[in-house]
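The values are calculated or read from the model by the stated rules, or taken from the named source; none is laboratory data. Model, not experiment: these values are computed from the prediction. Methodologically, a virtual Cβ is constructed for each residue, glycine included, from the backbone with ideal geometry; neighbour enumeration extends over all protein chains shown.
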Amino acid sequence: MNTCQTCRKSFDDSETYEYRGFMFCNEHFDEGIEKVDYKRNDVSEVVEHSVKSQRRGEFINNLSKYGHKNVASDGLPITKVTEPQILKDYENGIL
């Protein structure tokens with residue numbers, strides 16, 4: 001049994017379709033494709049902006065800490081960044 005992401009009804013495996021990890025019934029499949037694609041674009045933009053701003057902030061706040069060997073080709077430090085909540089939600093199947 002699978003649950004449609006749009007209508008939240010349960011269906012047999014043969015009555016649902018999967019798109020990029022999200023399950024939809026036949027009635028909501030086309031709408032689901034649009035939702036998932038929109039969400040993926042949104043997540044991509046937010047993650048890109050978040051990573052850049054975190055790296056800029058880290059570089060500005062800790063300028064003396066980073067030498068030439070800890071800096072990427074774009075001039076910002078190579079650091080571990082925090083994942084934004086929108087990415088965590090998307091990976092957990094929340095549209």
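What pairs can you find where one residue is in the range 26-47 and closer than 16 Å to Gly93 by Cα, the other is among the charged types (D, E, K, R) and not in a helix (DSSP H, G or I), and their Cβ atoms are less than 8 Å apart, with a gap of 6+ or different chains? Hits for this filter: Val36/Arg20; Arg40/Arg20. Could you please find all residues in the range 36-50 being out of contact with any Asp or Glu (no Cβ under 9 Å at 6 or more places or on another chain) and of a type in the set (A, V, I, L, M, F, W, C)? Within the range 36-50, Val36, Val46 qualify. Kindly list, by first and then second residue, each pair from a residue in the range 84-95 that is aromatic (Phe, Trp, Tyr) and in a loop (DSSP other than H, G, I, E, B) to a residue that is at pLDDT below 85 and surrounded by 11 or more Cβ atoms within 10 Å (Cβ to Cβ), limited to pairs with Cβ atoms under 8 Å and residues at least 6 apart or on different chains. So the pair list comes out empty. Among residues of the range 1-23 being touching a residue at least 24 places away in the same chain (Cβ under 8 Å) and of a type in the set (A, V, I, L, M, F, W, C), the one that is nearest to Asp89 (Cα to Cα) is Phe22. Checked across the range 25-39, the condition of being among the small types (Gly, Ala, Ser) and part of a loop (DSSP other than H, G, I, E, B) holds for no residue. Checked against (1) in contact with a Lys or Arg (Cβ under 6 Å, 6 or more places away or on another chain); (2) surrounded by 14 or more Cβ atoms within 10 Å (Cβ to Cβ); (3) at pLDDT below 90, Val36 passes all but condition (3). Residues of the range 45-61 that are surrounded by 13 or more Cβ atoms within 10 Å (Cβ to Cβ) and under 21 Å from the mean Cα position of the chain (by Cα): Val46, Val47, Ser50, Val51, Lys52, Gln54, Arg55, Arg56.
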